[in-house]
Amino acid sequence: LRKRIIRAEKMEAVSHLAASISHEIRNPLTAARGFMQLLEQHHLSPEKRKQYVRIAIEELDRAEAIITDYLTFAKPAPESIEKLNVKTEIERVIDLLRPLANMNSVEVKTTLAPFTIIGEREKFRQCLLNIMKNAIEAMPNGGVLQIYVSIEKQHVLIRITDTGIGMTKEQIERLGEPYFTTKGIKGTGLGMMVVYRIIESMNGTIHIKSEIHKGTEVSIYLPLSSNLHDLTNEEKKLFMAL
Ligand code: ADP
Ligand code: MG
């Protein structure tokens, strides 16, 4: 029963996602503005001044982190549902995360195949970004980020594995719950909520396996866009090989 309640709460949060974005970004901006206003006071000690500046910067960083979790690929035009090449999309997201991976000494290994799924490109990229970013952040002292693509029962499987800090059972349970983060002020606790929502909208499922100090494996299953006869020759070859 508890599990079902948590799930219902997650859904609730998800349905209000669009409305919550502006609210989420406005809060830290308002706070930053408030502290900058305080800086205008004349009799501030240098310590207080420093403290206010630090808080204002933290709040601006938070606004930036929220935009990263929600809107990295957002465009002014409305999104459309299209055929997406899983390999191409994954490669785009890896390119974007390369600097972060390098900073953490994370090696990226891929086994990709150009399967086709249906969905909104920006949402799919956002979902991949949030999962891979978590994976890299879980390996502050280096490790391997692995992305593997395959087909299982008419579904495209995308498996993202890291050799990072891992999660406890309790942490896995709370994944996707709004504001659940173990990263202190650096975390938003919104990245995985966005992931769950997007996977759901694409009629997919997500499975998490994790072991503390060993690493985490996130498996996403998304419906293959077409029957075998609709596939390109390249796709067919790959499909047959599996
Ligand atoms: P944030 O990254 O801002 O903390 P997320 O919703 O993206 O928020 O993730 C929530 C929490 O889930 C993280 O703070 C972390 O504790 C845990 N988590 C997610 N992915 C991983 C991972 N690959 N390895 C270890 N912990 C993870
Ligand atoms: Mg995150």
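Here are some notes:
- Residue check for Gly176: more than 30 Å from Pro78 (Cα to Cα) and of a type in the set (Gly, Ala, Ser): no
- Residue check for Thr182: in a strand (DSSP E or B) and modelled with pLDDT of 95 or more: no
- Residues of the stretch 74-86 classified as under 29 Å from Pro140 (Cα atoms) and buried (at least 17 other Cβ atoms within 10 Å of the Cβ), total: 1
- Among the residues examined, Ile172 does not qualify as open to solvent by less than 70 Å² (accessible area, probe 1.4 Å) and more than 15 Å from ligand 2 (Cβ to nearest atom).
- Leading residue by the ranking (farthest from Leu84 (Cα to Cα)) among those in the stretch 129-163 that are within 12 Å of ligand 2 (Cβ to nearest atom) and open to solvent by 20 Å² or more (accessible area, probe 1.4 Å): Glu137
- Some residue of the stretch 223-240 being crowded, with 17+ Cβ neighbours inside 10 Å, in contact with a helix residue (DSSP H, G or I) (Cβ under 8 Å, 6 or more places away or on another chain) and either over 21 Å from Thr88 (Cα atoms) or at pLDDT 95 or above (or both): no
- Tally, over the stretch 102-113, of residues that are in contact with a Leu (Cβ under 8 Å, 6 or more places away or on another chain) and surrounded by 15 or more Cβ atoms within 10 Å (Cβ to Cβ): 3
- Residue list for the stretch 122-150, restricted to those being away from ligand 1 (no atom under 16 Å from the Cβ) and modelled with pLDDT under 95: Glu122
- Hits in the stretch 151-179 (condition: at pLDDT below 95 and among the charged types (D, E, K, R)): Glu152, Lys153, Glu177
- Selection status of Lys109, of a type in the set (Lys, Arg), within 16 Å of ligand 2 (Cβ to nearest atom) and at pLDDT 95 or above: no
- Applying the condition of being in contact (Cβ under 8 Å) with a residue 40 or more places away in the chain and among the charged types (D, E, K, R) to the stretch 62-103 and asking which residue is farthest from ligand 1 (Cβ to nearest atom) yields Lys83.
- Residue match in the stretch 182-201 (condition: away from ligand 2 (no atom under 16 Å from the Cβ), surrounded by fewer than 21 Cβ atoms within 10 Å (Cβ to Cβ) and within 21 Å of Ala74 (Cβ to Cβ)): yes
- Among (1) in a strand (DSSP E or B); (2) open to solvent by less than 10 Å² (accessible area, probe 1.4 Å), the one test that Ser210 misses: (2)
- Of all residues making up the stretch 53-91, the number that are closer than 17 Å to Lys186 by Cα and among the acidic types (Asp, Glu): 5
- Of all residues in the stretch 144-171, those satisfying the criterion of being in a strand (DSSP E or B) and over 19 Å from the mean Cα position of the chain (by Cα) are Ser150, Ile151, Glu152, His155.
- With respect to the conditions (1) under 24 Å from Gly119 (Cα atoms); (2) over 14 Å from the mean Cα position of the chain (by Cα); (3) within 9 Å of ligand 1 (Cβ to nearest atom); (4) not charged (D, E, K, R), Gly176 lacks only one, and its number is (2).
The values are calculated or read from the model by the stated rules, or taken from the named source; none is laboratory data. Here the structure is a predicted model, which is why all the values come from computation and not from measurement. Here the Cβ is made from the backbone with ideal geometry for all residues, glycine too, and neighbour counts use every protein chain on show. Quick note on the areas: whole protein, heavy atoms, side chains included, nothing else; ligands and nucleic acids left out. Shrake-Rupley method; radii C 1.70, N 1.55, O 1.52, S 1.80 Å.
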